[in-house]
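Only one structure is covered here, and it is reproduced in the block below.
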Amino acid sequence: MYKKSPRVTAAPTSTSRGKKKSRFEVTEEQRQEIREAFELFDTDKNGQIDAHEMKVAMRALGFDVRKEEVLRLMEEVDREGTGHIGLQDFSDIMSEKIAERDPREEMVKAFHLFDDDHSGRISLKNLRRVARELGENLTDDELQAMIDEFDKDQDGEINEEEFIAIMTSNDDL
């Protein structure tokens, strides 16, 4: 089966027959997303995906992977050398990849989605664009109030550290 990376903190569980299998804790929503990505990119609907389909499915799930990594992962789980893997192997791989994600790194990536002008700050203009893209109909006053609430250095914009503080806050926002 898929080899466990030593960095992973999630523990594998056992199958009903007691054999160890790499099964990392993911939410039901994440399992559903993995299944949907697999089914979407299983273009010939045979329950198998090849390396190209796997790369596209992984990218759809938010993983920026290189061809070499996909081929290595494929080789590790495709013991028969068919060039294809099924849903279970794909789920095992993706569950481990999800468990390995660095939450701070994901937050930095999210910050950069807002900061499309690469200024290092989220301005009213940036927030307006994101709200529009998400279909939110908010006034400039409402958007500015959001910025003002979390703008600790009072410069009228949200910097990366302020954004991460927002994202890691335990308060119900």
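I want to confirm something. Restricting to the stretch 155-173 and keeping residues that are modelled with pLDDT of 95 or more and in a loop (DSSP other than H, G, I, E, B), which single residue is surrounded by the most Cβ atoms within 10 Å (Cβ to Cβ)?
So the residue we want is E157.
Are any residues in the stretch 39-57 assigned to a strand (DSSP E or B) and either without any contact (Cβ under 8 Å) to a residue 40 or more places away in the chain or charged (D, E, K, R) (or both), and if so, which ones?
Once the filter is applied, which keeps residues that are assigned to a strand (DSSP E or B) and either without any contact (Cβ under 8 Å) to a residue 40 or more places away in the chain or charged (D, E, K, R) (or both), the stretch 39-57 yields Q48, D50.
Could you say which residue among M94, M107 is touching a helix residue (DSSP H, G or I) at 6+ places or on another chain (Cβ under 8 Å), aliphatic (A, V, I, L, M) and not assigned by the TED database to the domain that holds E162?
One residue alone meets the criteria, M94.
For the stretch 99-150, which positions are among the polar types (S, T, N, Q) and in a loop (DSSP other than H, G, I, E, B)?
Listed by number, the residues that qualify are S119, S123, N137, T139.
The values are calculated or read from the model by the stated rules, or taken from the named source; none is laboratory data. Everything quoted here is computed from the prediction, not taken from an experiment. Because the Cβ atoms are built from the backbone with ideal geometry, glycine has one as well, and the counts that use them run over all protein chains shown.
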